[in-house]
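Chemist: This is the structure, below, for whatever I ask next.
The values are calculated or read from the model by the stated rules, or taken from the named source; none is laboratory data. Values in this document were obtained by computation on a predicted structure and should not be read as measured data. Note that each Cβ is placed from the backbone with ideal geometry, even for glycine, and that neighbours are counted across all protein chains shown.
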Amino acid sequence: MIEVEYDKDHMGVYQTLTVPINKTASNIFNYLSTTEGVQQWFPQLEICERKIDGKMLFHLDGQEYIEMYITDFKQNKVIGYTWDLGQVKFELKQVETTTELVFKEFLPYEFPHIGLDFAGWQFQMENLKALIESNKKLDHQLYDFDYRKVEIEKLLHLK
């Protein structure tokens, strides 16, 4: 089960997702920090350089790509990067027999699709957990992004 927390301040909104995964941190980190790993659950992402200030690409459907940059990198522990106007970070912590994946996201109020973006990352974290633990991806067409977006916007008083 994924634990979801939201917060906001004068700068923008924050989402923290905590996901227990029954695999080692090194196994999970490969899914987060290599192109081969990340494209199994988020095919639009490409990691060009695995280091701080290393470049990443987000391929838009039928369009060019957006360049992003790695802001934090510690092997088997942390990877963070720019995300359009905001930032995301993945942290791995060993907790007894499982690894806790903590996903943190910050988006400024100017970001045009906060609710949809937060809902998208919630789906991606559930998808990543399913892929790592059972080698099966979730069907995004069965996920109600619009409902989640509206619920998130209500909770954050964005609309």
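Chemist: Could you list all residues from segment 124-145 that are part of a helix (DSSP H, G or I) and touching a residue at least 24 places away in the same chain (Cβ under 8 Å)?
Modeler: Gln124, Met125, Glu126, Asn127, Leu128, Lys129, Leu131, Ile132, Glu133, Phe145
Chemist: Take the conditions in a helix (DSSP H, G or I), in contact with an Asp or Glu (Cβ under 9 Å, 6 or more places away or on another chain), of a type in the set (Phe, Trp, Tyr) and surrounded by 14 or more Cβ atoms within 10 Å (Cβ to Cβ) and apply them to Phe118. Does it pass?
Modeler: Yes.
Results for (1) surrounded by 14 or more Cβ atoms within 10 Å (Cβ to Cβ); (2) within 12 Å of the chain's Cα centre (by Cα); (3) at pLDDT 95 or above, shown as yes or no for each residue.
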site: Asp7; (1), (2), (3): no, no, yes
site: Gln15; (1), (2), (3): yes, yes, yes
site: Pro20; (1), (2), (3): yes, no, yes
site: Phe29; (1), (2), (3): yes, no, yes
site: Ile66; (1), (2), (3): yes, no, no
site: Phe73; (1), (2), (3): yes, no, yes
site: Gly80; (1), (2), (3): yes, yes, yes
site: Leu85; (1), (2), (3): no, no, no
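Chemist: Within segment 1-37, track down each residue that is closer than 24 Å to Lys149 by Cβ and among the acidic types (Asp, Glu).
Modeler: Hits for segment 1-37 are Glu3, Glu5, Asp7, Asp9.
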